[in-house]
Structures are given as C-alpha cells and as structure tokens.
Amino acid sequence: MNSRLSMETGQKSERSLCKGCDDQYDVQISEAKLARLVELASRSRPVVADAEYERRLSSCYSCPALQYGSTCRYCGCLVQVRAKLLDSTCPFPYNSRWI
Ligand code: SF4
C-alpha cells in the first residue's frame, strides 16, 4: 500500500513515517559531532562572544520549538550552530526569543 493510500484510508504503513517518528532511526546528534559542526561553521563566518552564545543557547534550551535537543522546528537549523553565528536571528514567530 502506498503512503498516499495509507493516509486516505487512515491506515499506517512504514512508508508513512518520517525519520523523526520512526524508532529505527536515531535523529540525535552527539555532543562531539555538534562541537565539530560549530567549529566548522565558525571558521569562515563572524561569531558571537562566548557569553552571547551561552545566552542564546539558554533561550533555545527552554524553547518549545527545540526538538531532539538540537534542532529548531521553525528553521530546521542546529541551534548550537545557529546561535554561534553573529548574523543569525531567532525565527520564533512574532518575537525573537534571543532578544
Ligand atoms: S525558535 Fe529561537 S529560541 Fe526557539 S529553538 Fe528556534 S532559534 Fe532557539
């Protein structure tokens, strides 16, 4: 049964699950990999000072839009990377949570 037919009939099939909802996939990113990605992003773009980075991340860690401890549901970014970059903004609807 294809996924469109599954949705129309209300039946579930393996093909209708996204990776974030399917237990066979691990969508968590390790601390080491996150640190590596932040380091790579920081090489070629202006970054914020450590205190501002921690302040931004603190907002993310208490935000209802944070998924899996690393991903912003509004932009799909890894917040550890997004918060590090000087020109980044918080995409929370109506009001940035970083201000
Ligand atoms: S909406 Fe803003 S505060 Fe919330 S997770 Fe995304 S970037 Fe972080």
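The values are calculated or read from the model by the stated rules, or taken from the named source; none is laboratory data. Predicted model only: the values in this text are computed from it and were never measured. Cβ placement follows ideal geometry from the backbone for every residue including glycine, while neighbour counts extend to all protein chains displayed. These area figures cover heavy atoms from the full protein model, side chains too; ligands, DNA and RNA do not enter into them. Shrake-Rupley method; radii C 1.70, N 1.55, O 1.52, S 1.80 Å.
Grab the beta carbon distance between Gln24 and Arg97, set R0 = 22 Å, and tell me the FRET efficiency rounded to 0.05.
0.10
Is the shape of segment 16-99 rounded, prolate or oblate, going by the alpha carbon gyration tensor and its root eigenvalues a ≥ b ≥ c, with a/c under 1.5 for rounded and a/b larger than b/c for prolate?
Since a/c reaches 1.5 but b/c is at least a/b, the shape of segment 16-99 is classed as oblate.
Points 7 angstrom from Cα along the Cβ direction at Ser16 and Tyr61: gap in nanometres?
If labels sit at Ser16 and Tyr61, their model points lie 3.8 nm apart.
So, with a 1.4 angstrom probe, what is the percent of accessible area on segment 35-99 that is carbon and sulfur?
Roughly 54 percent of what the probe reaches on segment 35-99 is carbon or sulfur.
If DNA, RNA and ligands are ignored and the probe is 1.4 Å, what is the ranking of Ser62, Ser88 by accessible area, most exposed first?
Ranking Ser62, Ser88 by accessible area, largest first, yields Ser62, Ser88.
I need the chymotrypsin sites (Phe, Trp or Tyr not before Pro) found in segment 34-99, filtered to DSSP loop residues with at most 14 other beta carbons within 10 Å of theirs.
Those that pass, being in a loop and sparsely packed, are Tyr68, Tyr74, Tyr94.
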